[in-house]
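The values are calculated or read from the model by the stated rules, or taken from the named source; none is laboratory data. The structure presented is a predicted model; accordingly, all values stated were derived computationally and were not measured. Cβ placement follows ideal geometry from the backbone for every residue including glycine, while neighbour counts extend to all protein chains displayed. These area figures cover heavy atoms from the full protein model, side chains too; ligands, DNA and RNA do not enter into them. Shrake-Rupley method; radii C 1.70, N 1.55, O 1.52, S 1.80 Å.
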Amino acid sequence: DFIIPSEGYTLLSFDYKSAEIQMMAALSQEESIIDAFYSGEDFHRWTASVVFGKPISEVTKKERQAAKSVSFGLIFGQSVGAMAQQLGITREEAQEIRDMYFSRFPKLAKYFEDQHNMVKQTNEVRTWMGRKATVWESMHAKRAVQQKAPRMSINIPVQGGATGDYTKIAM
């Protein structure tokens, strides 16, 4: 079915492609990532180019996939072991890629560190629109559950902002 707007109304369509990565870039104020989205370049190919220190034209499919996995993996709290398994590489190689990613995007690394510290101090985080969420995992008696808190300190503001806040504004 096609929706035809009534006289005087306009139908809009929004593409939320890579909304979480865009939110992560905005929250961290990592200008190079923000600029990459505005450039129209294939974002994951661009990221691989920066992380692996080579021209975009020389980025392989495997490198692009690795950069994409790291970008989304950071947001969703993927462990180095899970990343290694997903990419079919060793833990050491996955750790090296992750380390290169953070070294190339220092404001992103600082944002992650600040979020982790905030959760340690206050047990809560906020989305960019100010919605507050308690990170219950940080207060749990079991250490294994507490170790999920750093992941939640990133995931909640990024996903909450990208899907929750964006959607509220759109509606």
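Summary table
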quantity	calculated
Listing of helices (runs of 4 or more DSSP H) fully contained in region 19-106 that carry 2 or more residues being polar (S, T, N, Q) and more than 30 Å from ILE169 (Cβ to Cβ)	80-87, 91-104
Filtered residue count, region 1-55, keeping only those that are of a type in the set (Phe, Trp, Tyr), open to solvent by 80 Å² or more (accessible area, probe 1.4 Å) and under 19 Å from PHE102 (Cβ atoms)	0
Hits in region 126-169 - residues which are closer than 17 Å to HIS116 by Cα and of a type in the set (Ser, Thr, Tyr)	THR127, THR134, SER138, SER153
Subset of region 118-151 (residues that are assigned to a loop (DSSP other than H, G, I, E, B) and out of contact with any helix residue (DSSP H, G or I) (no Cβ under 6 Å at 6 or more places or on another chain))	GLY130, ARG131, ALA141, LYS142, GLN147
One residue from LYS132, LYS107 being in contact with an Asp or Glu (Cβ under 7 Å, 6 or more places away or on another chain) and at pLDDT 95 or above	LYS107
Residue that is open to solvent by 50 Å² or more (accessible area, probe 1.4 Å), within 24 Å of ILE33 (Cα to Cα) and touching a Lys or Arg at 6+ places or on another chain (Cβ under 6 Å), where the choices are ARG151, ARG126, ARG104	ARG126
Single residue of region 154-167 satisfying the filter (free of Cβ contacts under 8 Å to residues at least 60 places away in the same chain and of a type outside the set (A, V, I, L, M, F, W, C)) that is most open to solvent (accessible area, probe 1.4 Å)	THR167
Pairs, first over 15 Å from MET23 (Cβ atoms) in region 126-153, second assigned to a loop (DSSP other than H, G, I, E, B) and among the β-branched types (Val, Ile, Thr), C-beta under 6 Å, six or more apart	ALA149/VAL135; MET152/VAL135
Residues of region 1-55 satisfying the condition of being under 30 Å from ARG126 (Cβ atoms) and of a type in the set (Lys, Arg)	LYS17
